[in-house]
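Visitor: Mind looking over this structure? Questions follow.
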Amino acid sequence: MRSRTVLALLVAAIAGGGVGRTFLDAPPTRGIHHPTAYTLARGETQVQFFSFTSPTNPLAFLEFERGLTDAFQIGFRPVSAFFGTVRAWAKHHVGTTANVALAIPFSVDVLIPTWSWELRGGWVLSWRVLPFLTLHPGIDLAFAPGMSLEPYLGVDLGLGRNLKLVVEVDGQDPYVHLGVLVWAFGFVQFRVDTPLPTVSLRVSVSGRF
């Protein structure tokens with residue numbers, strides 16, 4: 001029943017996705033777990049209303065992202081602070097040349113009960129190789145409390161103006177994630193993804209205003 005409901009939502013979203021913005025004029029700022037080099041426009045807000053992972057994690061907390069300028073956005077998860085975890089992140093769009101965009105994402109996580117923290121940064125490149133194919137290679141760096149480096153690669157394949165197939169590969173087990181992104185009604189983004197080879201579906205719904 002749950003799979004039928006998800007499928008029905010996707011069909012309805014795709015059918016209505018020709019209205020308003022699509023991935024052609026509003027590319028995703030995030031793939032599955034890793035960022036892309038694209039940022040929100042000045043004054044634009046993106047809110048993750050819902051995220052459900054089967055079978056273990058129930059409901060993820062709300063996430064808010066805001067474009068302060070056309071090249072700089074911030075994000076935070078305010079509800080989680082009530083449970084002892086403060087998380088904030090930002091991304092600076094360095095520039096775009098031809099079909100290549102470069103950005104610098106960074107984040108900070110603070111665990112209040114034990115007062116432990118983690119600072120991360122790195123870079124990500126979004127290269128539109130073909131009109132329907134974009135590569136997102138990047139490096140995620142941990143600066144504190146310990147140093148580590150993790151390269152990753154995102155690939156998104158445009159199956160239409162408002163539908164993308166996304167694959168991400170990184171060094172964390174599980175190493176491969178597969179997902180579908182849908183731009184619906186000009187302001188709603190649906191995401192369904194799973195790690196491979198095991199299957200644990202995650203469904204999330206975001207609004208971009």
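Visitor: What is the one condition in (1) at negative phi; (2) touching a residue at least 40 places away in the same chain (Cβ under 8 Å) that PHE185 does not satisfy?
Guide: (1)
Visitor: Which numbered condition trips up GLY160, out of (1) modelled with pLDDT under 95; (2) buried (at least 16 other Cβ atoms within 10 Å of the Cβ); (3) more than 25 Å from ILE74 (Cα to Cα)?
Guide: Going through (1) modelled with pLDDT under 95; (2) buried (at least 16 other Cβ atoms within 10 Å of the Cβ); (3) more than 25 Å from ILE74 (Cα to Cα) one by one, GLY160 breaks only (2).
Visitor: Quick one: would you say THR85 is within 23 Å of HIS177 (Cβ to Cβ), at pLDDT 95 or above and of a type in the set (Val, Ile, Thr)?
Guide: In short, no.
Visitor: Being modelled with pLDDT of 95 or more, farther than 26 Å from PRO113 by Cα and not basic (Lys, Arg) is the requirement here; does PHE72 meet it?
Guide: Here the answer is yes, as PHE72 does meet what is asked.
Visitor: Would a scan of the range 105-116 turn up a residue that is under 13 Å from PRO35 (Cα atoms) and either part of a loop (DSSP other than H, G, I, E, B) or touching a residue at least 24 places away in the same chain (Cβ under 8 Å) (or both)?
Guide: Looking for residues that are under 13 Å from PRO35 (Cα atoms) and either part of a loop (DSSP other than H, G, I, E, B) or touching a residue at least 24 places away in the same chain (Cβ under 8 Å) (or both), one finds at least one in the range 105-116, hence yes.
Visitor: Being of a type outside the set (Phe, Trp, Tyr), at pLDDT below 65 and outside any loop (DSSP other than H, G, I, E, B): is that true of VAL11 here?
Guide: In short, yes.
Visitor: In the range 195-202, is there at least one residue being without any contact (Cβ under 8 Å) to a residue 12 or more places away in the chain and small (Gly, Ala, Ser)?
Guide: Checking the range 195-202: not a single residue is without any contact (Cβ under 8 Å) to a residue 12 or more places away in the chain and small (Gly, Ala, Ser).
Visitor: Something else about it: Inside the range 101-140, can you point out the residues that are more than 17 Å from the chain's Cα centre (by Cα), at pLDDT 95 or above and surrounded by 15 or more Cβ atoms within 10 Å (Cβ to Cβ)?
Guide: Passing the criteria: only ARG128.
The values are calculated or read from the model by the stated rules, or taken from the named source; none is laboratory data. Predicted model only: the values in this text are computed from it and were never measured. Because the Cβ atoms are built from the backbone with ideal geometry, glycine has one as well, and the counts that use them run over all protein chains shown.
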